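Before any comments, here is the structure.
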Amino acid sequence: MTAGLRSLTRREVVVTFIGVMLAMFLASLDQTVVGTAMPRIIADLGGFSHYTWVTTAYIITSAVTVPITGKLTDMYGRKYFYVAGLGIFVVASFLNGLSSTMTQLVIFRGLQGLGAGVIMANAFTVIGDLFPPSERGKYQGMMTGVFGLSSIIGPALGGYITHNFSWHWIFFVNIPLGLLIIALFVLFFPHLRPDRHKHSVDYLGVALLVLTVVPIMLGLSWAGVQFSWLSPPILGIFHFSAVMALIFILVESRAKEPIIPLSLFKNRIVAVSDMVIFLSSCGMFATIIFIPLFFQGVLGLTAVTSGNLMIPMMLGVVAGSAISGQVLSRAGGHYRIQGAIGLAISGLGLAMLSGMNAGTTPFQATVNLVVTGFGLGVIMPLYTIAVQNAVPYGQLGVATSSAAFFRSLGGSVGLAIFGSVMNNRFAAEFLTRIPPAIKAAVPPERLASLAHNPQALLNPAARAQLDSLLVQAGPQGSEQVLQGLRQALDVAVSQVFLIGILVLGMAFVVNLFIKELPLRRRRISVVPPGDKKNVG
């Protein structure tokens, strides 16, 4: 650690930490606000097959940005990257609010993800700058509490704005808060810079990382939706990404200052932690995205009520994270045990969610969400702290951002696979539940459209069009189609939850192989096994 970091006063530490929490609040508020409004956005702009794309575009760009930012901040400091990321985020929020097509929204969400990636890469790294590993659990828990607070406010705010104004305004609310945080960072945030040495940026590594990650995420998003999994475009994309990955590994192994040091993954704690983060994010985050769709499409709830039902889950996240962070700090670092407990509770929560149907009461749904949220909260602070505790200070940024990278990558892979599963299962289930009389009365192309976009469950205007289309089928025609849509969506989302349980089971097994290292009580890092140079 440099003298500049040691010389920070208590006031500077507090102001810095408050700024980081506000930036985290901004980024996480955007995600939760958008999630609740997504059914209405799809109803207005169309494109049910693109339901996951608005989130996937955001995650792809943020996932690529995180490891690059982590390395660069290790080299040049955190402050100005933070300010640039916040600026990109605010501009993209304004452009998202002006979107009039799904294409525009996806593009601008991708731009917003760039800013969010910079913010996320810095957030937990700065905690590593300010506090020793033995104290980080408490502050990581506080950061998760901020995430939980925004998650509590976000769904309700998103539902209220969507219901009473327009979904466009869910993006505009970011602008005043974002400008305020930028001003605070410019005026008060210290220029935390680990060293003053001259560095060389691994531009080739950056380009190859982008060419590896973006194509595979695009391929996963298109597979099973626009193209079949074994179609030439999808196979070509996967092969291209695999070739780029091999070249990336070769280049990084010889680079003077690699954007992602491959030696990092020789550390067993880092490797296992990143794998658990990847699998748990794949299993949890991807399934959570579909909960508002289930509430509004299957249970017939409004956007406001759907948002309110997400609040107990976020309270569970806050409670689980706060308890987990305190236990981790006080017990000295038993993250294998706490990880196993958290993953088991999360799996139980998903099992309870998979059992929901059209007859599920709001109380039952609340209990299911609280259990799921608590388990997620338990595991959230663990693995980032484990990674930070296992690496020297000079690798703090890139190691921390690797955890965030695998979290984003897991979420994106999960969204792509689960989105494909949901779309295909929904279409198949719907077509089997339509009575022959309805099939005879409705044009095949119209039935096919309904099978890939259940807007009649979400949009009153689409419901009116369906009623007029089925007038010749009798008074029960429209209700039969709606019932078929509702049942098909129920089955499809439930299957997503079940697959999520299997993925969490894999994470549980991998977690058993993590090595527990007692948490250090100083910020200066130990030298990891095999590393002859103490860069701390």
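Here is how the numbers come out for the structure above:
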item: Value of relative contact order over the stretch 203-262, rounded to a whole percent, pairs C-alpha under 8 Å and six or more apart; result: 42 percent
item: Residues 38, 275, sorted so that the one with the fewest Cβ neighbours within 10 Å comes first; result: 275, 38
item: Cα-derived Rg to Rh of the stretch 203-262, Kirkwood definition; result: 1.10
item: Distance between the stretch 222-256 and the stretch 384-414 - C-alpha centres, whole angstrom; result: 22 Å
item: Neighbour-count order for 202, 44, 74, fewest beta carbons within 10 angstrom listed first; result: 44, 202, 74
item: Inter-centroid distance (Cα atoms) of the stretch 75-108 relative to the stretch 298-314, Å; result: 28 Å
item: Proxy reagent accessibility, fewest Cβ within 10 Å first, across 445, 429, 257; result: 445, 257, 429
item: For q = 0.13 Å⁻¹, Debye-computed log10 I/I(0) when each Cα of the stretch 276-427 counts as one equal scatterer; result: -0.64
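None of the figures in this text is laboratory data; all of them are computed from the coordinates on show. Predicted model, so just to flag it, every value in this text is computed and none were measured. Ideal geometry is used to build each Cβ from the backbone, glycine not excepted, and the neighbour counts take in all protein chains shown.
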